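The values are calculated or read from the model by the stated rules, or taken from the named source; none is laboratory data. Keep in mind that what you see is a predicted model, and the values were worked out from it rather than measured. Glycine gets a Cβ as well: all are built from the backbone with ideal geometry, and neighbour counts include every protein chain shown. We work out accessible area using only protein heavy atoms, side chains counted, and drop any ligands, DNA or RNA first. Shrake-Rupley method; radii C 1.70, N 1.55, O 1.52, S 1.80 Å.
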Amino acid sequence: MNSTSSAGAQPRLSLSFYLTVALIAGAVIAYQIAIMRIFSVASWAHFGSFVVGLAMFGFGLVSAIMCIGKAHFERHWDRWITAALILFGPLMVAANCVAQALPFNPIFLVSDPMQKWRLAGNFLIYFIPFLPGAFFLGLVFLRGQHVFGKVYFADLGGSGVCGLIFLLAMYVVLPHHLILVPLAMWLVAALIWFLSAGRRVAALICIVLAMGATVATFLLPQITVSSYKGVSYARNFPDSERIYRATSPHGLMEIYASSYFHFAPGLSAMAA
C-alpha cells in the first residue's frame, strides 16, 4: 500500500491507499443514511436521526483508544487495519439482521418500560459496525499523518461522492436492500486494498463474506414494519393488492387497493 523513496524517508502512499480511504469513508456515510431509512420505514424517522450521534460516538471512542495506545497501534498497524477492514462490511449486514429481530414498537414507548431497553439495544447493535470503520480511518490517518491533508481530502471527498451515489441509488433500490449499497462500497475498497498489496487470500475472504452477507439480506427480514402503521393494516386485508410502489430519497410510497377501504366524503379520514 505504500513505498519508501529513500532510507529514513516517510512512506509514499499509493493511489490505492487513497481510493480505499475514500470508499470506506463513503460506506460509513451510506450506512448512516441506510439506518435512517430503515427506521423511517419500520417505525419513526426520528429514531433514525440518532445514528449520527452513534457514528460520532464511535469515532470519538476509537480516537481516545488510539490516542492512549498509539505506540501499540503503530507497531501492529497492519494487523489492526486488516481486521478492521475485513469486519466492517459483514458487520453492517449482521447488525441490521439482529436489530430487526429485536422487536421495538414506539407506540408503547411510554407505557411499556421494556421498549426503552429494546430501543437502547437497537442503538447498541447499530453502533457496533462503526467501530471497525472508525478504526480503519483512524489507522490510515496514523499512517498518513505526514500527508494529513491528502488523506483528509480522500476522506471528505469519498464521503461526499459516495453519499451522492447512495442518494441516487435510493431511486432504484428498495429500502429492504439498501444495506447492500454500503456493502458494495466496502467490498470494492477491500479488494483494492488487498489486491494492490498482493494479499489474495484476504481478498478472497472478503468476497466470501460479501456473498454470505448478500444471501442473509435476501433470506432474513431487513425491515420489520410496526403493526400499528397504516400500511400494516392495508397489507392485512384479505383482498389487499399493492397497485403502486415508488422509492426515492424522499421516502417509500406504496398504494394498496382493497374492497375494505371505505370513505365518507366530507367526514374525517377516520371514517374508513
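Brief remarks follow.
- Cα→Cβ-extended label distance, 7 Å offset, between ALA246 and LEU204, nm: 4.8
- Solvent-accessible area, 1.4 Å probe, carbon plus sulfur percent, for the chain: 71
- Computed on the chain, with alpha-carbon pairs under 8 angstrom and 6+ residues apart, the relative contact order is 27 percent.
- Derived from the Cα gyration tensor, the three semi-axes of the equivalent ellipsoid of segment 151-219 are 22, 20, 6 Å, largest first.
- Alpha-carbon centroids, segment 217-239 and segment 149-187: separation in whole Å: 27
- q = 0.10, 0.12, 0.19 Å⁻¹: log10 I(q)/I(0) that the Debye formula gives for segment 135-272, counting C-alpha atoms only: -0.57, -0.73, -1.24
- Over segment 16-106: Kirkwood hydrodynamic radius from C-alpha pairwise inverse distances, Å: 15.1
- Using the 1.4 Å probe convention, the accessible area of segment 75-125 works out to 51 Å² per residue with neighbouring protein chains retained.
- Degrees between helix 15-42 axis and first principal axis of the chain (Cα, 0 to 90, nearest 10): 20
- Fluctuation leader among PHE104, PHE153, PHE166 - the chain, Gaussian network, Cα springs under 10 angstrom: PHE153
- When the alpha carbon coordinates of segment 1-152 are projected onto the principal axes, the ranges are 67, 28, 23 Å, largest first.
- Gaussian network model of the chain, Cα within-10 Å springs - most flexible of LEU167, LEU109, LEU131: LEU109
- Exposure ranking of ASP112, ASP78 by accessible area [1.4 Å probe, largest first]: ASP78, ASP112
- Folded to 0 to 90 degrees: helix 148-169 orientation relative to the chain principal axis, Cα: 30
- Counted residue by residue at 0.36 nm each, then reduced by the alpha carbon distance between them, the extension gain from LEU220 to LEU102 reaches 41.2 nm.
- Here is how the number arises for the chain: DSSP H runs of 4 or more residues each give -39500 (n - 2.57), the sum is divided by the residue count, and the result at 222 nm is -21500 deg cm²/dmol.
- A prolate overall shape is assigned to segment 85-194, the ratio a/c of its alpha-carbon gyration tensor axes (a ≥ b ≥ c) being 1.5 or greater and a/b exceeding b/c.
- Springs join every pair of Cα atoms under 10 Å in this Gaussian network model of the chain, and among PRO132, PRO113, PRO249 the largest mean-square fluctuation is at PRO113.
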